[in-house]
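Q: Below you'll find the structure I mean.
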């Protein structure tokens with residue numbers, strides 16, 4: 001097995017009396033998808049925010065691509081190749097789809113604050129990324145005018161523009177219809193060879209199709225971690241989480 | 001493929017027409033009260049420089065500063081103090097003013113940019129007032145009463161600025177330079193970063209872009225340009241006083257930008273011209289001219305989303321959304 005892209009150890013975070021991360025240990029191997037599941041309020045988004053650098057942990061370390069990034073901010077981590085999507089689609093509404101991707105491409109190449117000299121190159125790469133996520137020819141559309149599914153796809157293209165080593169996906173299927181979900185799952189399956197993934201998702205079909213490894217987070221604690229088949233049959237997981245799902 | 005803002009020929013034409021009109025104004029002024037008109041027009045242009053500079057951070061970056069007059073003060077006192085000390089030479093004053101304004105913007109920007117919304121307004125206000133009271137305590141330079149410039153700044157030893165017409169065209173050239181510079185910044189990726197960060201700073205940050213560094217850069221550029229306006233203003237009025245940098249003046253700069261149209265380049269220029277014109281005309285009617293001006297501004301804000309320039313653009317059936325020039 002190769003060295004882990006992401007390695008989290010002893011991660012703790014509390015908001016006042018509420019413990020949202022209780023010595024979480026988690027790793028993502030290169031070329032794999034690690035899914036984190038758990039009931040609402042388990043601390044999944046808080047975990048994602050700590051991984052991407054928007055939230056500082058109280059204690060513990062986060063290692064990314066072989067270096068300790070615990071003290072780095074979100075921008076610095078993104079420049080190292082840690083890309084993320086948000087639970088609520090986060091793209092710039094006043095920009096066109098192409099402008100959103102160009103922003104990310106320029107951030108990656110470090111030319112975000114310098115005069116544009118690479119317009120043709122950026123345009124070509126933008127077209128490729130749009131085609132890849134199924135938004136061919138929609139570059140000049142204003143993002144605010146895109147459908148929910150299209151915005152999700154665009155957000156994925158923006159993340160891919162960062163040429164990530166790790167893609168952190170916070171509920172990429174939230175609010176999507178059956179058809180859109182299927183297309184997104186296919187898309188993500190195709191990306192596994194290119195980047196490691198940390199997937200937060202409620203859709204169990206998606207989790208069991210995509211994940212090579214699943215961790216179950218309940219009240220800030222990882223109560224089980226293992227291959228999908230093992231998790232599916234784990235008694236504690238069933239009691240804490242999957243049982244509720246099936247019952248509902 | 002649109003990766004940057006599309007060219008907007010419509011507004012480009014409006015800007016060019018505006019500059020041509022301003023360039024021709026002194027000719028028309030010959031048929032009227034030339035000195036008074038030229039003096040008013042010079043002030044309009046000088047404050048338009050400050051308004052365009054303010055719009056860079058206010059309209060494009062979404063940062064509401066209530067302390068921007070401090071930079072006017074730095075430029076104006078730079079000219080005043082150097083004149084008093086017998087160093088009234090633009091070749092010395094300008095580099096000094098640029099350096100001090102950049103330094104002040106950098107140091108205060110480091111602090112104010114950590115805050116958002118009301119916090120930002122309050123801290124810029126506080127820094128502005130700090131400078132206001134500092135100027136008032138400079139007894140050697142007139143204290144609260146201010147300082148008269150017995151002569152305008154020399155330009156490489158010549159006294160060309162003493163001529164009102166020359167000063168007018170120097171100011172107009174400076175405004176043109178300001179517009180060209182700010183426009184270049186805005187059509188570059190840098191402008192995209194500012195606009196994107198105004199809408200969603202967290203998203204921009206997680207793309208690997210240092211939002212604070214981009215805003216600081218805009219803040220410093222804006223401050224320096226505003227200080228240049230202050231330098232010109234001191235030479236135009238031949239008088240500097242702490243009142244130049246009071247928070248009311250900062251508020252007036254914000255009003256000009258809002259009145260004309262935030263987030264455009266034409267808007268602040270139109271706003272500055274109209275503000276001074278209204279002030280001039282209404283003040284002839286009554287000394288309580290702000291009683292008329294206030295409601296007028298409220299109407300523009302309520303009904304003219306995008307300021308007067310936005311209102312006119314929409315009435316003319318043009319799409320205003322995303323307008324960038």
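Q: Failed condition for residue A:87, given (1) assigned to a loop (DSSP other than H, G, I, E, B); (2) at the interface with chain B (Cβ under 8 Å from one of its Cβ atoms); (3) over 15 Å from residue B:195 (Cα atoms); (4) within 18 Å of the chain's Cα centre (by Cα), with all others met?
A: (2)
Q: Could you check, for the range B:227-243, whether at least one of its residues is in contact (Cβ under 8 Å) with a residue 60 or more places away in the chain, part of a helix (DSSP H, G or I) and within 14 Å of another protein chain (Cβ to nearest Cβ)?
A: For the range B:227-243, residues in contact (Cβ under 8 Å) with a residue 60 or more places away in the chain, part of a helix (DSSP H, G or I) and within 14 Å of another protein chain (Cβ to nearest Cβ): absent.
Q: Mind counting the residues in the range B:182-210 that are more than 7 Å from chain A (Cβ to nearest Cβ) and within 10 Å of residue A:74 (Cα to Cα)?
A: The total comes to 1.
Q: Oh, and also: In a helix (DSSP H, G or I), under 21 Å from residue A:6 (Cβ atoms), out of contact with any strand residue (DSSP E or B) (no Cβ under 8 Å at 6 or more places or on another chain) and within 12 Å of chain B (Cβ to nearest Cβ): which single residue out of A:107, A:102, A:123, A:98 fits that description? Explain how you work it out, then say what you get.
A: On the way: A:102 fails: under 21 Å from residue A:6 (Cβ atoms); A:123 fails: under 21 Å from residue A:6 (Cβ atoms); A:98 fails: under 21 Å from residue A:6 (Cβ atoms).
Testing whether each residue is in a helix (DSSP H, G or I), under 21 Å from residue A:6 (Cβ atoms), out of contact with any strand residue (DSSP E or B) (no Cβ under 8 Å at 6 or more places or on another chain) and within 12 Å of chain B (Cβ to nearest Cβ) leaves just A:107.
Q: Is there a residue in the range A:70-84 that is surrounded by fewer than 23 Cβ atoms within 10 Å (Cβ to Cβ) and more than 14 Å from chain B (Cβ to nearest Cβ)?
A: So far as the range A:70-84 goes, yes, one or more of its residues are surrounded by fewer than 23 Cβ atoms within 10 Å (Cβ to Cβ) and more than 14 Å from chain B (Cβ to nearest Cβ).
Q: Right, another one. For the range A:133-151, name all the residues that are away from chain B (no Cβ under 14 Å) and assigned to a helix (DSSP H, G or I). Can you show your working first?
A: To start, the set of residues in the range A:133-151 that are away from chain B (no Cβ under 14 Å) comprises A:133-134, A:146-150.
Across the range A:133-151, the qualifying residues are A:148, A:149, A:150.
Q: For the range A:148-201, name all the residues that are at positive phi and touching a strand residue (DSSP E or B) at 6+ places or on another chain (Cβ under 9 Å). Spell out how you get there, then give the answer.
A: Pass one, the range A:148-201, residues at positive phi: A:163, A:171, A:175.
Matches in the range A:148-201: A:163, A:171.
Q: Return only the number of the condition from (1) modelled with pLDDT of 95 or more; (2) within 28 Å of residue B:245 (Cβ to Cβ) that residue B:198 does not satisfy.
A: (1)
Q: Given the range A:159-244, what helices (runs of 4 or more DSSP H) lie entirely inside it while holding 2 or more residues that are in contact (Cβ under 8 Å) with a residue 40 or more places away in the chain and surrounded by 20 or more Cβ atoms within 10 Å (Cβ to Cβ)? Outline the logic, then answer.
A: Numbers: elements: A:178-191, A:204-210, A:228-233.
Correct list: A:204-210.
Q: Okay, next question. In the list A:113, A:130, which residue meets the criterion of being within 11 Å of chain B (Cβ to nearest Cβ), part of a loop (DSSP other than H, G, I, E, B) and either surrounded by 14 or more Cβ atoms within 10 Å (Cβ to Cβ) or free of Cβ contacts under 8 Å to residues at least 40 places away in the same chain (or both)?
A: Numbers: A:130 fails: part of a loop (DSSP other than H, G, I, E, B).
Checking each option against the conditions leaves just A:113.
Q: Continuing with the same structure: Which condition breaks for residue A:49 when tested against (1) surrounded by fewer than 17 Cβ atoms within 10 Å (Cβ to Cβ); (2) on the phi < 0 side of the Ramachandran plot; (3) without any contact (Cβ under 8 Å) to a residue 12 or more places away in the chain?
A: (1)
Q: Suppose the filter is surrounded by 13 or more Cβ atoms within 10 Å (Cβ to Cβ), in a helix (DSSP H, G or I) and touching a residue at least 60 places away in the same chain (Cβ under 8 Å); does residue B:312 pass it?
A: Values: surrounded by 13 or more Cβ atoms within 10 Å (Cβ to Cβ): yes; in a helix (DSSP H, G or I): yes; touching a residue at least 60 places away in the same chain (Cβ under 8 Å): no.
So residue B:312 fails the test.
The values are calculated or read from the model by the stated rules, or taken from the named source; none is laboratory data. Here the structure is a predicted model, which means the values were calculated and not measured. Every residue, glycine among them, receives a Cβ derived from its backbone with ideal geometry; neighbour counts consider all protein chains shown.
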